Structure formats: structure tokens, C-alpha cells
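Reviewing the structure listed below.
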Amino acid sequence: MYNAVLIKVLSDFQIIMPSACDSLIDDIEDMVSFSDPTPHERQLARKSIIPRSRKKKEVLINEELQADSVIPGTQKIWMKTWGCSHNSSDGEYMAGQLAASGYKMTDDPTEADLWLLNSCTVKNPAEDHFRNSIKKAQEQQKKVVVAGCVPQAQPRMDYLKGLSIIGVSLYVCVCVHKLIRNVGHSVRLLGQKKDGGRRLGGARLDLPKIRRNPLIEIISINTGCLNACTYCKTKHARGDLASYPIEELVERARQSFQEGVCEIWLTSEDTGAYGRDIGTDLPTLLWQLVEVIPEGAMLRVGMTNPPYILEHLEEMAKILNHPRVYAFLHVPVQSASDSVLMDMKREYCIDDFKRVVDFLKERVPGITIATDIICGFPGETEEDFQETVDLVKCYRFPSLFINQFYPRPGTPAAKMEQVPAHVKKQRTKKLSHLFHSYNPYDHKVGERQHVLVTEESFDAQYYVAHNKFYEQVLVPQRAEFKGKMIEVDIYEAGKHFLRGRPVEDSKPFSPSIAAPLQKGEVSGLMQLLVYFGSQVIHFILLFSPMVQGPISLYLKRNQENHIA
């Protein structure tokens, strides 16, 4: 095995020289000319050589031997991500690439040599947190790399001057390597990936990643969108729609399940628009994905805008009824006023939104519809806002994201006549009060449900599970429940959650087809082993110290289940 690998490696490093003299030399001995000294003559010449002693360099007593501290791949990196699940997926890929290159990812910002800040540009507060983190890093004299939508959309902002930027390109290792080598120099990588002039969907799906939750895989199915909403800054960063091929997405899902994942989230700026640039559509993708989902594992479909889901309602209803797909859909309405929707350039009217919701609620019993609302968009009148209030009263959305309007720089909405700040705040408060006036889950008390346990609650008192409708169910913290499908009796309902009691004599069911990766472990190494064989990996370790840590850890975890 090693011989074959050595031949392959050595052949890759052959230097091809000009062949002008090939015909003159048949053997290595032919390179010796008659005028060269004989071996006897060379031996006699050595006797006349007088060796000279070389004076040793004086060693300073106080001299300190210092290791090269600027070798890329030896530093500790702290990473912070703001924003949507697409941003979270990007962050996981960046962390995975850095870890696979030898960098140590740390949870302690104070011990890190470099801070990687992955930003969100949707709202002012998110950017404020991002900017404050940059300032804090500079005060602590940390190297900084900024990523995500803010620097991609606004790379010339004053507070970004002199900083290293990768935007949404995910060329994180290139940027960090260069920054580490060139102290005091900034690196900026903002280009979009293209193939034959066509924009690609973002990072390669087979890149290494570190999942924030080893049980959940976040897959971006496309980047960018087809809309031109007047308030949206994300469009400036992510651009137009670019979808991944179905076969790559299915393969990524299959790989995830082989690494112990039991839940997949599909994400993008608009999942409903998926495939329109490559001649396919969302239902076609979803039907192929459910074929590789193990029994008990679940798929969550991400946010979709109304215009692109209308033509797929029949198929979407069938898919959302599938036992391995959550009966959950996030459909942002933003406003119930047609005049406001027109000013937003949302490309649908309120009747379109109602048609989507009514159809799915009829065909998918119990479905959870989540939605977003912007309060105080420029030009919104009291009558416009009241229409939005009436919509919430009618549908009593169990999951409602209420956002006060923030004018984002460079967007058309920022130039419109603004609603006074106190009015925006008042409307936001009124809508929030309405939302908290009803309890959407009270009727669930007494039900027996199957739930998938995937994470820990914020207060660390419970495990968090989700039922078929992606409703949050808190269950006791028992180690045997994590990553399992369990049966519970619902005994309490809150505004945002249910509490479940495990059914006696009901055994947890494991949907995972393999042991999940450890927290912080790099994804993608199994495929390397299967492809090359473990012997080759041991050989590679001799030549590539950068990958020793991640691969050795994987080999250690799988030594009982030898893969070769």
C-alpha cells in the first residue's frame, strides 16, 4: 500500500527537464568524461588538504531562543457569528477550514491570537454589536478578520479601514494565513465565485466544517435571491440567486447522516426560489433529499417568500406531510397593507400570502406557519398598520418575528420619508403586546407526541426537542435522550414551549446511523478515509503536520470500526 502511495507522491513531484541530451546519455556512467581524475588521483589529492578549525560563535548568556511565532496554523482563533442560519452555516465552514489547517478554535476570546467576526447586515443593532466587537478586539491588540454581509456590502466603511476582510467568499484560510505572515498588512478577498461566467452558489459543500451542534447540519441550498426589496441590505452582499446542484446537496446530506447528524436545516435568503437559475425547483430537491433521510431523523425547510411558493403549493403540502419533514414553514409577510408591500417591492399582495397560509393549513393539519413583520416602514399609515394588526388577530401566528424598521445605508427605503421614531416604537410595542396576549399551545396539553431531542435549553435545565410541527418541547436532561426520538406526554404549555414527560416503558429510538462527532470535531474526514484508506492517511500524517490533529482524532474514534 505504502509503495503505491510513494510512487504516486514521487511521480507528482517529478521535474521534467529538456530532452535535448537524452540521446547522448544511455547510462549514468556515460556522464564521466576521460579528462576527469581517476579515483586514485582523487585519493592522493586529499592528503594535501590541511583542515582548519573554525572559531565557535560566542553564546550570549542572556540570549533567548525564540520560536517563530508567525508560522500560520499555530495560532488560536476565536470566532463570533451574528445573524441567520445561512450565516451560521458559513461560520461552521470557516471554523472547519481553519481547524483542518492546524489552527486551534477557542471559546475564550481573551486567549485567542486572532478574532474572526462573521457579521449580519439585516438590522442596525446587529451591525452595532459587530462594530463594538471590532473596537474591543483592537483595544486588546488582537488581530482581526471580518467576514459576512456587512463588509461584503460596505467594504469602505470607516470602521473597516485597515482590517482584513473576506466578505461572504469564505476564503478564510487564505486571508488568515496572509494576515499572520504579514503583520501590519490587511488582506481583502471580496470576489464572487464563478464558473464559465455563471455565478456559483457559494462555498463548496464538501469543505470541512465544525458544526455548532454536532446533531444538526445546516445546508445552504442557494445564495442570493430574485427580489429587490427596498429595505434589504443583504441583497447587496449576497447578490442574485445562485443555486447548488441537487446531486451536491443530496451528497452533503448523506455525508452528514454518516457523521451522526439527526436533523437537517435547509437555509438560504429564499428557499422557495431554489433552482430557478439551474432549471429545477424546491419540491424536486426535497423529494430527493427525503430518500436519504434515515427513519426518525428530520428535515426542516427554511424561509420562503410568498411569490415563489405559490406555484408549488400542492407539492409542498405533500412534502410537509412526510413523516421525516417538519410540518413547519417560515413565510415572511412583512406587512398586511398592499400599499406598503408595493413600496417594499415585495412582488405579492396580501391575498397571495393568505392563499399560501390557508392552503397549507387545510392540507397539512397542525402546520406551524412562522412569519415576519416590519413596523414603521416609510409611508406606513395608521390604517396600514391596523391591517397588519388584524392579520395577526386572524391567524394568531405561534411564531412571529416583530422588527422595528431600521433604514439601512444604501437602500432605497433609507431615502424615503421616515415614520417618526416614537411612532415606530409605539407600533412595535402594540404588536408585541397583541402577540403575547394569546397562548398558541394550550390545546396541546394532554397530547402524546414523538419528539426529536437535539440540544440543551439556555438555562441548562432541560433538553430541547421538537415535535412534528417543530414546536419546542422541553424534556428531562437524561443522557440517553440526546439525539434520540422519544415519546412524551405533554403536561404544560407556555408561550413559546411545551413540557413533556417521557412515557414509561417507551424506549428512545436512535435515528443516527453513526456516532455523532464530538463538539468541535471537524466534519468531512470520514470521506477522506473511505476514499484513500486509513493506511494512506497515516502516510499523509508524516508529511502534513497541519492535518495531524483532526485526522488523528478521527482515527482514534474509529479504531474499533476499522475503515480501510
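The values are calculated or read from the model by the stated rules, or taken from the named source; none is laboratory data. Everything numeric in this text was worked out from a predicted model, so none of it was measured. Note that we place each Cβ from the backbone using ideal geometry, even for glycine, and neighbour counts take in every protein chain shown. Protein only, heavy atoms only, side chains kept; ligands, DNA and RNA dropped before computing areas. Shrake-Rupley method; radii C 1.70, N 1.55, O 1.52, S 1.80 Å.
Can you tell me which residues in segment 469-496 are open to solvent by 50 Å² or more (accessible area, probe 1.4 Å) and under 24 Å from F435 (Cβ atoms)?
Keep residues of segment 469-496 that are open to solvent by 50 Å² or more (accessible area, probe 1.4 Å), which gives 472, 477-480, 482, 484, 491-492, 496.
The answer is Q472, E492, H496.
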Any idea how many residues of segment 107-142 are closer than 20 Å to L163 by Cα and either buried (at least 21 other Cβ atoms within 10 Å of the Cβ) or touching a Ser or Thr at 6+ places or on another chain (Cβ under 7 Å) (or both)? 11
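Please indicate, with yes or no, whether at least one residue in segment 507-517 is within 26 Å of C394 (Cβ to Cβ) and not assigned by the TED database to the domain that holds P378. Steps first, please.
To start, the set of residues in segment 507-517 that are within 26 Å of C394 (Cβ to Cβ) comprises none.
No, segment 507-517 contains no residue that is within 26 Å of C394 (Cβ to Cβ) and not assigned by the TED database to the domain that holds P378.
Have a look at K80, K56, K104 and point out the one that is open to solvent by 40 Å² or more (accessible area, probe 1.4 Å), modelled with pLDDT under 85 and out of contact with any Asp or Glu (no Cβ under 8 Å at 6 or more places or on another chain).
Numbers: K80 fails: modelled with pLDDT under 85; K104 fails: modelled with pLDDT under 85.
Going through K80, K56, K104 in turn, just one is open to solvent by 40 Å² or more (accessible area, probe 1.4 Å), modelled with pLDDT under 85 and out of contact with any Asp or Glu (no Cβ under 8 Å at 6 or more places or on another chain): K56.
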Can you tell me which condition E315 does not meet? The list is (1) of a type outside the set (A, V, I, L, M); (2) in contact (Cβ under 8 Å) with a residue 12 or more places away in the chain; (3) in a loop (DSSP other than H, G, I, E, B), and all the others hold. (3)
Can you tell me which residue in segment 418-448 is surrounded by the fewest Cβ atoms within 10 Å (Cβ to Cβ), limited to those that are assigned to a loop (DSSP other than H, G, I, E, B) and of a type in the set (A, V, I, L, M, F, W, C)? V445
Tally the residues that are free of Cβ contacts under 8 Å to residues at least 40 places away in the same chain and at positive phi, restricting the search to segment 276-306. 1
Those residues of segment 150-165 which are under 20 Å from the mean Cα position of the chain (by Cα) and open to solvent by 10 Å² or more (accessible area, probe 1.4 Å) amount to Q152, A153
Going residue by residue through segment 372-382, is there one that turns out to be among the aromatic types (F, W, Y) and outside any loop (DSSP other than H, G, I, E, B)? no
Selected residue [in contact with an Asp or Glu (Cβ under 9 Å, 6 or more places away or on another chain), open to solvent by 70 Å² or more (accessible area, probe 1.4 Å) and aromatic (F, W, Y)] from F405, F458, F401: F401
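State the number of residues belonging to segment 115-170 that are polar (S, T, N, Q) and touching a residue at least 60 places away in the same chain (Cβ under 8 Å).
In the first step, residues of segment 115-170 are kept if they are polar (S, T, N, Q); the result is 118-119, 121, 124, 132-133, 138, 140-141, 152, 154, 164, 169.
Retained after the next criterion (residues that are touching a residue at least 60 places away in the same chain (Cβ under 8 Å)): 121, 124, 152, 154.
Final tally of qualifying residues: 4.
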